[in-house]
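Scroll down for the structure; my scribbles are underneath it.
The values are calculated or read from the model by the stated rules, or taken from the named source; none is laboratory data. Computed from a predicted model, the values in this text were never measured in an experiment. Cβ sites come from the backbone with ideal geometry, for glycine too, and all protein chains shown count toward neighbours.
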Amino acid sequence: MLLSAPLLLSACPSPPPPLPPSLPSAAELKRVSGALLGVGDVLEVRVYQEQELTGLYRVESGGGFLFPLIGEVRAEGRSPSELAALIAERLRAGYLRAPQVTVFLKEANSKKVFILGQVKKPGTYRYEDGMSVVQAVALAGGLMPLAAPDLILIRAREGDALSEERFSVPFKEISRGRASNAPLRPGDILFVPESWL
């Protein structure tokens with residue numbers, strides 16, 4: 001059964017829009033999203049002159065971890081300095097007179113990017129501050145021979161984790177130096193479609 005050309009064209013989804021000209025810089029992404037803690041991160045908490053309170057802690061699936069004396073501490077969505085201030089405040093409330101607390105991120109396991117489609121090693125990769133589309137493709141082993149010249153970046157909409165935006169990334173133009181390399185942020189999905197040509 002043959003379909004008419006107009007019907008065929010209407011069934012094809014429209015391509016995603018190109019990347020906006022004002023994507024945030026890698027430094028801005030690091031400041032906004034790279035500094036927040038998440039599930040799976042490993043933290044080193046140090047309490048000055050309190051060796052028994054100093055140690056490594058993993059942020060559990062509920063977004064927090066158990067800390068001596070004060071119990072459950074919510075870490076997800078906070079920066080290390082915000083978390084240090086919270087722990088110090090709770091220790092001050094009945095346990096220590098003037099606690100000095102510092103928090104260091106030892107392993108950033110919560111921040112990932114997903115690279116799918118026509119790459120040699122599709123999968124989930126740990127996000128690194130300042131990661132770009134080119135770095136992500138390189139981590140995934142490079143493009144397969146049938147990869148399309150434009151990739152699709154799927155990103156959660158700012159302030160709404162349940163909806164997403166899609167952008168067309170001109171990878172061929174980026175690799176030739178004709179377009180800017182696009183920075184990624186944690187949670188991004190980079191899909192490499194198969195070329196139809």
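Here are a few things to note about the model shown:
- Screening S61 on (1) assigned to a loop (DSSP other than H, G, I, E, B); (2) in contact (Cβ under 8 Å) with a residue 40 or more places away in the chain shows it passes everything except condition (2).
- Residue list for the stretch 40-54, restricted to those being surrounded by fewer than 21 Cβ atoms within 10 Å (Cβ to Cβ), over 18 Å from the mean Cα position of the chain (by Cα) and part of a strand (DSSP E or B): E44, R46
- S168 vs. criteria small (G, A, S), outside the structural domain of I87 (by TED's automatic domain parsing) and part of a strand (DSSP E or B): yes
- Residue that is modelled with the lowest pLDDT, among those in the stretch 59-72 that are within 16 Å of K106 (Cβ to Cβ) and out of contact with any Asp or Glu (no Cβ under 7 Å at 6 or more places or on another chain): E60
- Filtered residues of the stretch 85-97 (kept if in contact with a Phe, Trp or Tyr (Cβ under 9 Å, 6 or more places away or on another chain) and free of Cβ contacts under 8 Å to residues at least 24 places away in the same chain): R90
- The stretch 119-143: number of residues that are touching a Phe, Trp or Tyr at 6+ places or on another chain (Cβ under 9 Å) and either surrounded by fewer than 16 Cβ atoms within 10 Å (Cβ to Cβ) or not β-branched (V, I, T) (or both): 10
- Test: residue in the stretch 83-99 that is under 21 Å from the mean Cα position of the chain (by Cα) and surrounded by 18 or more Cβ atoms within 10 Å (Cβ to Cβ): yes
- Criterion: on the phi > 0 side of the Ramachandran plot, in a loop (DSSP other than H, G, I, E, B) and under 21 Å from the mean Cα position of the chain (by Cα) - qualifying residue of G141, G177: G141
- Close pairs (7 angstrom Cβ cut-off, 6 or more residues apart or separate chains): under 19 Å from R176 (Cα atoms) in the stretch 115-144, surrounded by fewer than 14 Cβ atoms within 10 Å (Cβ to Cβ) anywhere: V119/G141; V119/G142; G141/K120; G141/K121; G142/K120; M144/K120
- Residues that are under 16 Å from G117 (Cβ atoms) and either in contact (Cβ under 8 Å) with a residue 60 or more places away in the chain or touching a strand residue (DSSP E or B) at 6+ places or on another chain (Cβ under 7 Å) (or both) within the stretch 171-186 comprise F171, L184, listed in sequence order.
- When the criteria are applied in full, F104 meets the requirement of being part of a strand (DSSP E or B), in contact with an Asp or Glu (Cβ under 8 Å, 6 or more places away or on another chain) and in contact (Cβ under 8 Å) with a residue 60 or more places away in the chain.
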